[in-house]
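Data block below; observations after.
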Amino acid sequence: MTWQRLKQGLPAGLLGRIALAVGPTNPTHVYALVETTQGMLWDSKDQGDHWTKVSDFHGLSARPFYFSLLHVSPVDDRKLFFSSFLLLRSDDGGKTTTPIDRGVHVDHHALWIDPQNPDRMFQGNDGGVYVTENGAKSWRFLNNLPIEQFYMVSAGSGDSPYMLCGGLQDNNAWCGPSSGVPGPGAAGGLSGAEWFTVTGGDGEYAVIAPSDSSILYVDSQNGNITRVDLKTGLVRAIRPYVSGVSEMKPADLQYRFNWTSPIAVSPRDANTVYLGGNVVFRSRDGGEHWTALSPDLTRNEKSKQVTSGGPIESDISGAETYNTILTITLAPTDSNVLWVGSDDGLVHVTRDGGRTWTNVAGHFPGQARDLEGRVYQIGVSPFDAGTAYLAIDRHELDDRRPYVFKTTDFGKTWTDIGKGLPQDVPARVVREDPNLRGFLVLGTDAALCYSRDGGASWKPLKADVPTVPVYDVQFVGRTHDLVIATHGRGLFLLDNITALEELTPEVASADLHVFSTLPAQIRVRPRRSGVAPSRFTTPNAPAGAVIDYYLKAALDTGGADAAGRAPGEASRGGGERSRRGHVIVTVTDAHGDTVTVDSTGPGKQGVNRFVWNLRYAGPTRLNFEKPPGAEEEENPFRNLLGPRVVPGTYTVGVTAGGRTATQTVTVQPDPILGGDPAAFAAQLRAGLEWRNAVSALNEMLNRIVSLETQLKNTQQALRENAAADTAVQRGARELGRKLGELKDSLYNSEVQRDAGQDDVHHLNRFQDRLQGLGFGLALAYAQPPTEVIAARLKELRTALDGYLVRFNDLVRTDVATFNKTAQERQAPILVSGRPIEVREVKIVSR
């Protein structure tokens, strides 16, 4: 067999991943989705002899190494489906696309189209499996498949049922009961409806405070840690370090965080929490303040701390950040002993609460001193702080052997306890049963094993556990339960393993043996739960202040009214013709200062409703960007929200048809949380300072783009005029160069912002960093910014002042010089506006 490389019309140079697709209705029509800097999609009408570029839309394969999947309809070779960050359909051979995954999880990796009924499709994405029967007009989530990918699991204190929490790959972190409450007439068990999310994104660690099960510490990817109070529902962002790999390569960061940053909580104090980066952070006040408890506990190899991706494009998610801590374990018997493992094979222990640390790796029996690998978990003995168990995973180094070790002297010496395990299955976690010294459970990439003799020998632990990677195991001592977190089949709970603990060789040889029993409780089942319905949602009550108003005559606000009439069309009943104009809602505080002005109030005849979201107006928008759609309007990741108002009395003015009427609104604090007025005021001040800074920055960018547009128009006019003055042309080119340099230092114009996740290929620029800081500020409740956030805001504000000086000087000198030259030569001049400055925040004490 011989192969011929196809080149005619395809991009030259370095190429990455390539996906091919062809439909059965026209086998000569071939499509190629190519990772290159020269485009995205090509097609050939002659089985690949000649190719034509079709599209450069990055959304077709937002991250080529992760997606690169397209399908051709079985009935139309012009209809394509692209599985990318969004699921896209094209009806014109890939020239244009439309998202068809409304209400569906992002990150699409599999698609099957029924060849007999193309309207029937199954798709697999990071959220699970979905099916449509109507050509993607609607999708049904098959949420009864046990395919969850857990990173870890933690168990709460208290009687059974106790709470379990864990993080799921790209599916939030979840908590729920270990069991339902059995009783008379109780059928089945947990339906899944009892579980709830405690963070978004990729749920990583979700740790229940042992001394108070209502307090959780949870993180999503890259060390984004929050504190969750289940009694009040309050969530606080408490990250100790703001900068990350989206700003600079890891080698230049002071602190590095793994995608799955570990959390540990003191068994005696719910406010003492530990977080792993490349150092161990500790907070004694629930995350308000942090200190670095250790030096760098990794190999800190700067050559491996580069911006991730390939030679064609970067891919800066943070998932590949190296030289980071993967596990922190507190010794149950000694609060001064902490064990730490990293992704590069190091193991450290402190015996004095973090004052000194010892690297105890490098002398594992039979292994090289520089043995690398991932130490995902360290199981510290519940009987002895110096006894620990660990596994080292090296499968990413093309070594699938299980490396399992034990120490009984704080890591001075290690024993290989992996003998007898399958030699082609990596191991991940080992823990010791708090009810039986030497009883170990081991999780591997394919199975669960147990040992009764401290690891000298192993047996498979079946118990209906499928063949699946086991990422974590936890013993629940008081109930003798074993909880298993799998990466692909969800959580398993083995209730009361007393029989396994007591199944000694002597017992196994006996004709009859009754194992020990645990106390049993009489349980009352207070209510009967119904059968879980298919997934559906109903509208919530309005979130905010409801402003209802009556209009005698309809106002034409620029779109069809509630009855479907076009602008200016009279009512069919012969009523009064609608008047043009807007309904403007203005909110002012008790001192008469404007909070927000909104011109989107409905204007139909009769009673109308406007809902104020209890926020100040957001920052000035970038007018050269595509505005967010209806789905994105309330998405804090994609929409810029203003800060929350503080409790108090506000005046709402509704202006319509030249008349204004007012009403007062009382804003009250959350009835459960309450809130310190000083804390509300401090939060508001920080939020307004951020908003005003972003407004000034965006206004500067809007002005730069406006000047660039004016210059392009002037240059075009001059090119069309053979007698045009060359001095004006030179001045336009030089001014355009300076404007472009300033804009490029602030904003990345190469990112296709309508092609979801396209920003993952670029380091953040100043506008991204300043705008991104507002996410936490916008969602905070009576929470002044932490020291870390306050310092970051001050740093960015100082940098912004420098950029504003640079822009204002450019307008005052270069633009003025260009205008003088243009005016002298009767060419168009530029409109640049007044100097830009950040509005001062003034908050009068309420």
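The values are calculated or read from the model by the stated rules, or taken from the named source; none is laboratory data. Here the structure is a predicted model, which is why all the values come from computation and not from measurement. All Cβ positions, glycine included, derive from the backbone under ideal geometry; neighbour counts span all protein chains shown. All accessible areas refer to the heavy atoms of the entire protein, side chains included, with ligands and DNA or RNA removed. Shrake-Rupley method; radii C 1.70, N 1.55, O 1.52, S 1.80 Å.
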Set THR307, THR327: member being touching a residue at least 24 places away in the same chain (Cβ under 8 Å), of a type in the set (Val, Ile, Thr) and open to solvent by 20 Å² or more (accessible area, probe 1.4 Å)
THR307
For the stretch 751-771, name all the residues that are within 18 Å of THR620 (Cβ to Cβ), assigned to a helix (DSSP H, G or I) and open to solvent by 20 Å² or more (accessible area, probe 1.4 Å).
ASP768, ARG769, GLN771
Can you pull out every residue in the stretch 772-808 that is hydroxyl-bearing (Ser, Thr, Tyr), in a helix (DSSP H, G or I) and surrounded by 14 or more Cβ atoms within 10 Å (Cβ to Cβ)?
TYR803
When you scan the stretch 338-347, do you find a residue that is open to solvent by 60 Å² or more (accessible area, probe 1.4 Å) and either within 27 Å of the chain's Cα centre (by Cα) or in contact (Cβ under 8 Å) with a residue 40 or more places away in the chain (or both), even just one?
no
Right, GLY653: closer than 23 Å to VAL583 by Cα, in contact (Cβ under 8 Å) with a residue 24 or more places away in the chain and not in a loop (DSSP other than H, G, I, E, B) or not?
yes
Of all residues making up the stretch 507-543, the number that are modelled with pLDDT of 95 or more and closer than 30 Å to HIS582 by Cα:
0
I want to confirm something. Restricting to the stretch 493-514 and keeping residues that are over 28 Å from SER160 (Cα atoms) and of a type in the set (Asp, Glu), which single residue is surrounded by the most Cβ atoms within 10 Å (Cβ to Cβ)?
GLU506
If SER55 satisfies all but one of (1) touching a His at 6+ places or on another chain (Cβ under 7 Å); (2) at negative phi, what's the number of the condition it fails?
(1)
Unique residue being open to solvent by less than 20 Å² (accessible area, probe 1.4 Å) and free of Cβ contacts under 8 Å to residues at least 24 places away in the same chain when the list is ASN748, ASN702
ASN748
By residue number, the members of the stretch 392-418 that are of a type outside the set (Ser, Thr, Tyr) and not in a loop (DSSP other than H, G, I, E, B) are ILE392, ASP393, HIS395, GLU396, LEU397, VAL404, PHE405, LYS406, ASP416
Checking ASN721 against (1) farther than 30 Å from GLU313 by Cα; (2) part of a helix (DSSP H, G or I); (3) open to solvent by 20 Å² or more (accessible area, probe 1.4 Å); (4) not small (Gly, Ala, Ser), which single condition isn't satisfied?
(2)
Counting only residues that are assigned to a strand (DSSP E or B) and hydrophobic (A, V, I, L, M, F, W, C), which one in the stretch 147-167 is surrounded by the fewest Cβ atoms within 10 Å (Cβ to Cβ)?
MET163
Report those strands (runs of 3 or more DSSP E) wholly inside the stretch 1-70 carrying at least 1 residues which are of a type outside the set (A, V, I, L, M, F, W, C) and farther than 16 Å from LEU87 by Cα.
30-36, 39-44, 52-55
Criterion: modelled with pLDDT under 95 and either part of a loop (DSSP other than H, G, I, E, B) or open to solvent by 20 Å² or more (accessible area, probe 1.4 Å) (or both) - qualifying residue of ASN144, ASN134:
ASN144
How many residues of the stretch 462-488 are at pLDDT below 95 and touching a helix residue (DSSP H, G or I) at 6+ places or on another chain (Cβ under 9 Å)? The answer is 1
Residue list for the stretch 349-373, restricted to those being part of a strand (DSSP E or B) and either touching a Cys at 6+ places or on another chain (Cβ under 9 Å) or surrounded by fewer than 23 Cβ atoms within 10 Å (Cβ to Cβ) (or both):
THR350, THR358, ASN359
Of the residues in the stretch 206-255, those that are of a type in the set (A, V, I, L, M, F, W, C), under 30 Å from GLY309 (Cα atoms), open to solvent by 20 Å² or more (accessible area, probe 1.4 Å) and touching a strand residue (DSSP E or B) at 6+ places or on another chain (Cβ under 7 Å) come to ALA237
